[in-house]
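The block underneath contains the structure these notes are about, expressed in structure tokens.
Any read-out appearing in this document is the output of simple, stated calculations on the displayed coordinates, not a laboratory observation. All of these numbers come straight from a predicted model, not from anything done at the bench. Heads up, the Cβs are rebuilt from the backbone with ideal geometry, glycines too, and the neighbour counts pull from every protein chain shown.
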Amino acid sequence: MNFEKKIFYFCRVDGVIIANNVILQNDHTIKGINCINESRWEIRENNLVFLNLNGQVTTKFHIKINLEGKLIFLGSYCDKPTREVHHLLLEKNITETIGLHSALRKIEQKINLKSTDLDNNIFSLSRQVARLERTNRKIKVVFLVHNIATWDSLASVYERMCKDDQIKVMIVTIPRRFPGETQFGHEEENHNFFEIRKIPHLRFSRPNAYENLQILKYINPNAIFRQSPWETDIPEIYSTASLSFTNIFYVPYYGFNLVDNFTANPNERDFQADSHFHHNCAQIFCESEITKRMMSKKNIRGGDNFIVTGHPKLEKLLDSSNKPKWPIINVYTKRKKRIIWAPHHSFTGSGWLSFGLFKEVYMDMLALAKSKDDIEIVLKPHPALFSNIVKHDLVTRQALDEFLKEWNSLPHTTIVEGGDYGPLMAASDIMLTDGISFLAEYLMFWEKPLIFLRNPSHSPFNEIGKLVEKATYIVENIQEIQILLEKLDQNDYDNKHREIRKKVAEQLMPFRKGAAQRIVKSVKSYFNLRN
């Protein structure tokens, strides 16, 4: 077949145009599709096929149609064994003769489609093509929210899109299931957050309601922002595979990725950079060139979809400097030293991250709090901590409940759970954490000492993690914590470390403002909208 001088639309028949200007080049590479699954083309057994970088067939076009002298191919995506996914390749200048609407209807008639779903999908595609070909078009963007604690990474992006006359924005709250939990839940927490703030949103509260996915398809978004790459945290109907009908965009929920691998195995795939989710994202937004370079190096796709924009979450942390809020009311005249204790949910021997030391130190921390009434301690646990340690029998439910009851009974200790922790950090004097993201995020407040309670068996740091570690005070047990706290009471003890923290913070955060603006601009450029 000769494809010289031919330009195609590449579409999914469920209503999404994947690429507008596809060229099948003479060297058998495909130009115009930014996805490793469509890297090359060949003719096999008289059928056009698309192949990935490994030479595996990903789409096989079983039907070829010559319509008004123009080529049209209908094929099936080969990487979906549980369901059929159909692709269309339509010669682009077909619209010059009969129009793309008419082309789609004639395709349907010519191949005598028997599947009602496929018929509806082609109709949906024709409607979307009509919208895309209008000069003053809008795009629909959906934010799937399963974890309100990380909404800070997306809030300013959502707010900016709401003000853009070319974007129609929608929030959908869905359930989640963190490590240690056996059932999906928490959708009501997400709903309540938006309800209190009078932010419009849809509620998809049932975890496995297939009609929710169908409704998403009826909404027909051009883009969906998901909050994390972790497929097990959300119902399967919102998985990367299930969202193949649209374009996925991702702003990482954490400020920085600090580890090389999630386990001690150096050959393990980096799940923060090289998962199926990352491969399928249209765009992933990075806070710095350092992160883009590291992620691109590990990503089999090559990092063409990584965009450096800065990070909304980090900017919001910086803005919190002027909005300090401390939950403990001090009835005494003298202000006490304010400490955040932020334990991670991983643990020793898990084979995964292994940063957390809650089991090893929680009773010692309680004893420390009882012995020092000149400090105030806010326990800020990772959202998955308590369910995870109970599930793995590290601490019994009864022992945990007794600890929390006693912790909350002290006048100078409390616990804070939930999302917006910037004001808490701003009001604090010291951070004590065993990792991971708080190690870097607290550096936004570089004037304050950062204590790293190090687990010797933790997963190795990457380039950014090593930078951050240099800016911390490293301790490994409660005795070292006590000694360090006494030293930090000396006025000039922290001077040297303060300068280190400042330099590291400047390296990690090249953009201090404008991340949301850059992200929205990048999304609009992806859809060829004016900026």
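Which translational diffusion coefficient, to the nearest whole µm²/s, is obtained for segment 325-411 from the Stokes-Einstein equation, given a Kirkwood hydrodynamic radius over C-alpha pairs, 10 °C and 1.306 mPa s? Walk me through the intermediate numbers first.
Details: Rh = 14.1 Å.
This corresponds to a translational diffusion coefficient of 112 µm²/s.
Taking the Cα atoms of segment 322-508, report the difference between the largest and smallest coordinate on each principal axis, in whole Å and largest first.
Projected onto the principal axes, the Cα atoms of segment 322-508 cover 45, 44, 31 Å.
Ranked highest first by the average count of other Cβ atoms within 10 Å around their residues, in what order do 316-322, 432-438 fall? Let's see the in-between values first.
Working: 316-322: 16.9, 432-438: 25.1.
Peptide ranking by packing, descending: 432-438, 316-322.
Check each of the GluC sites (Glu not before Pro) in segment 213-271 and keep only those in coil by DSSP with at most 16 other C-beta atoms within 10 angstrom; list them in order.
GLU268
With a Förster radius of 45 Å, plug the Cβ-Cβ distance of ASP373 and LYS470 into 1/(1 + (r/R0)^6) and report the FRET value to the nearest 0.05. Intermediate results must be reported in sequence, preceding the final value.
On the way: r = 33 Å, r/R0 = 0.74.
Using R0 = 45 Å, I get an efficiency of 0.85.
Need the C-alpha centroid separation for segment 460-506 versus segment 403-433, integer Å.
20 Å
Which whole-angstrom value gives the distance between the alpha carbon centres of segment 263-338 and segment 437-451?
13 Å
When a footprinting reagent is the concern and you count Cβ atoms within 10 Å, what order do MET170, MET1, MET431 take, fewest first?
Numbers: MET170 18, MET1 11, MET431 23.
Fewest-to-most ranking of MET170, MET1, MET431: MET1, MET170, MET431.
State the antiparallel share, in %, of DSSP beta bridges confined to the chain, rounding to the nearest 5. Could the numbers behind the result be given before it?
Details: 36 of 75 bridges.
Of the beta bridges lying entirely in the chain, close to 50 percent run antiparallel.
Give the peptides 43-51, 385-393 in descending order of average Cβ contacts within 10 Å, highest first. It would help to have the intermediate numbers written out before the result.
Working: 43-51: 14.9, 385-393: 18.0.
Per-residue mean Cβ counts within 10 Å order the peptides as 385-393, 43-51.
Can you sort ILE30, ILE519 so the residue with the fewest Cβ neighbours within 10 Å comes first? Intermediate values should be presented prior to the final figure.
Numbers: ILE30 19, ILE519 25.
Fewest to most other Cβ atoms nearby, the residues stand as ILE30, ILE519.
Calculate, in nm to one decimal, what GLU506 and ILE65 gain on full extension: separation in residues at 0.36 nm each, minus their alpha carbon distance. Before the final figure, lay out each step's value.
Details: separation 441, 0.36 × 441 = 158.76 nm, distance 5.79 nm.
Full extension from GLU506 to ILE65 adds 153.0 nm.
Does the chain come out rounded, prolate or oblate by the C-alpha gyration tensor, with a ≥ b ≥ c the root eigenvalues, rounded set by a/c under 1.5 and, if not, prolate when a/b is larger than b/c and oblate if not? Mind showing how you got there, number by number?
Values: a/c = 2.32, a/b = 2.21, b/c = 1.05.
It comes out prolate by the Cα gyration axes.
Looking at segment 174-317, send over the antiparallel percent of its DSSP beta bridges, to the nearest 5. Mind showing how you got there, number by number?
On the way: 1 of 10 bridges.
Counting DSSP beta bridges with both partners in segment 174-317, the antiparallel share is about 10 percent.
Could you sort the peptides 506-517, 481-492 by per-residue average Cβ neighbour count (10 Å cutoff), highest mean leading? Don't jump to the answer; show the numbers that get you there.
On the way: 506-517: 16.8, 481-492: 12.8.
Going from most to least packed, we get 506-517, 481-492.
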